[in-house]
Amino acid sequence: MKKNKLVSRMIQMCVVLIGISFLTFLLTYLAPGDPATAMYDSLGVTPSPEMLEQARASMGLDKPFLQQYVDWLGGIFHGDFGTSFSKSVPVLELLTKRLPATFRLALFSLGLMLVISLPLGILSAVRQDGIADYIVRFLSFLGISLPGFLIGLILLYIFALKLGMVKVASSTIGIEQMLLPGITLAIAMASKYSRQVRTAVLEELHQDYVTGARARGMNQWEILFRQVLPNAMLPLITMLGLSFGSLLGGTAVVEIIFSYPGLGILAVGAVKARDYPLIQGFVLWIALIYMVVNLLVDISY
């Protein structure tokens, strides 16, 4: 990627992040409910009007909207995402503490997805309109149709409750704890990705250079792995980057089902507690990671 194009992308990222930050702050500002009341409710305290007024002042909620936004945005530029209303801990500390767990789960599920989808997609393309192709397409349709939470509950019931192969919940994070949530996420992604692999490989198999390679006496598997796959994988890299970015912010349901201590379950708790700084920080954090991942994918081209 040329230097001027990289600089242009960086400027675009900054503009988009500012826009996302403004919309997120506006939506949380317009949301019903009072964070000060929610904070005292989480503590089991019935506040007096004076206590609520003092809490709102300490949170900065007594200021006009634009002043609140400018103060918050200025703090972000200095690395201060604010303090969580519900946990009384800096938002950045909470996010950085939970990010590694979600990051490992995202990488693990992506690895499983590739192990499943690449062979199935290639097999489906090579055996187009054959029995193997119909089986793969049916399984991919089934995987796309089933909601993730249902797959997770089925896996939890079978492997945790019935077979006892894994624990229902654990405070530690290892392969055993990532196995079921990783499989749950991988099934849905592999169902979509195998179809994309099939489409990309089929498109390349109908190119003129494949016909020429066959005319030169190259066997089918040599053509497939040495010429077709490298060309077919290029557009799929973009999807892989998008999938990784979405996993970092879209695993909330799976994390709740398996009690996995990641960013998703933290965000859901913040929404329940009306913890505005944590919600705003989470959205901005995920948006930044998502755009950085896409930038890295573009550079990898």
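With the Cα gyration tensor of segment 21-94 giving a ≥ b ≥ c as the square roots of its eigenvalues, does the rule (a/c under 1.5 for rounded; else a/b larger than b/c for prolate; else oblate) give rounded, prolate or oblate?
prolate
Label-point separation (nm) for Lys192 and Val271, each offset 7 Å from Cα along Cα-to-Cβ?
So the two model labels end up 1.8 nm from each other.
Rounded to the nearest 10 degrees, what's the angle between the helix 263-272 long axis and the longest principal axis of the chain, both from Cα atoms, 0 to 90?
Roughly 40 degrees, rounded to the nearest 10.
Using only DSSP helix segments of four residues or longer, with each worth -39500 (n - 2.57), what per-residue ellipticity at 222 nm results for the chain after dividing by its residue count and rounding to 500?
Only helices count here, giving -25000 deg cm²/dmol.
Estimate the FRET efficiency between Arg214 and Ser300 by the formula 1/(1 + (r/R0)^6), using the beta-carbon distance for r and 25 Å for R0, to the nearest 0.05. Mind dumping the intermediate values first?
Numbers: r = 31 Å, r/R0 = 1.22.
That gives a FRET efficiency of 0.25.
From the square roots a ≥ b ≥ c of the eigenvalues of the alpha-carbon gyration tensor of the chain, which class results: rounded (a/c under 1.5), prolate (a/b over b/c), or oblate? Kindly include the intermediate steps, with their values, before the conclusion.
Details: a/c = 3.30, a/b = 1.74, b/c = 1.90.
It comes out oblate by the Cα gyration axes.
Tilt of helix 91-126 relative to the longest C-alpha principal axis of the chain, in degrees (0 to 90, nearest 10)?
Helix 91-126 sits at roughly 20 degrees to that axis.
Heavy-atom accessible area of Met218 with all protein chains present, probe 1.4 Å, nearest 10 Å²?
Accessible surface of Met218 is approximately 40 Å².
When the dipole is taken about the Cα centre of the chain, and only Lys, Arg (+1) and Asp, Glu (-1) are charged at their Cβ, what size is it in debye, to the nearest 20?
Dipole of the chain, to the nearest 20 debye: 840 debye.
So if I place +1 on the C-beta of Lys and Arg and -1 on the C-beta of Asp and Glu, and nothing else carries charge, what would the dipole magnitude of segment 1-130 be about its Cα centre? I want it in debye, nearest 20.
960 debye
Have a look at Ile144, His206, Thr24 and report the one farthest towards the positive end of the charge dipole of the chain, computed about the Cα centre with Cβ charges (Lys/Arg +1, Asp/Glu -1).
Checked the options; the winner is His206.
If amide H atoms are built 1.01 Å from N in the plane of the peptide, which residues on other chains or at least 5 residues away come under 5 Å of the amide H of Thr83?
Result for Thr83 returns Val91.
For Leu288 and Met239, what is the calculated FRET efficiency with R₀ set at 25 Å and r taken between the beta-carbons, to the nearest 0.05?
The pair Leu288/Met239 has a calculated efficiency of 0.75.
Apply the Karplus parameterisation 6.51 cos²θ - 1.76 cosθ + 1.60, with θ equal to phi minus 60°, to every residue of segment 22-33 and state each ³J(HN,Hα) to the nearest whole Hz, in sequence, with x for glycine and proline.
5, 5, 5, 5, 5, 5, 5, 5, 7, 5, x, x
To the nearest 20 Debye, how big is the dipole of segment 169-301 about its Cα centre, given +1 on the beta carbon of each Lys and Arg and -1 on that of each Asp and Glu?
Values: 8 positive and 8 negative charges, 38 e Å.
So the magnitude is around 180 debye.
Through the Karplus equation 6.51 cos²θ - 1.76 cosθ + 1.60, θ set to phi - 60°, convert the phi angles of segment 67-84 into ³J(HN,Hα) values in whole Hz; use x for Gly and Pro.
Computed from phi, the couplings for segment 67-84 are 5, 4, 5, 5, 5, 5, 5, x, x, 5, 4, 9, x, 10, 8, x, 10, 4 Hz.
Starting from 0.36 nm per residue, how many nanometres of slack lie between Met165 and Leu146 once their C-alpha separation is accounted for?
Extra length from Met165 to Leu146 when fully extended: 4.5 nm.
To the nearest 10 Å², what's Thr199's accessible area with a 1.4 Å probe?
80 Å²
Between Arg9 and Ile154, take the C-beta separation as r, use R0 = 30 Å, and let me know the FRET efficiency to the nearest 0.05.
E(calc), rounded to 0.05, equals 0.10.
The values are calculated or read from the model by the stated rules, or taken from the named source; none is laboratory data. Bear in mind the structure is a predicted one, so any value in this text is a computation, not a measurement. Every residue, glycine as well, gets a Cβ built from its backbone with ideal geometry; the counts of neighbours run over all protein chains shown. Remember, those area values only see protein heavy atoms, side chains included, never the ligands or the DNA or RNA. Shrake-Rupley method; radii C 1.70, N 1.55, O 1.52, S 1.80 Å.
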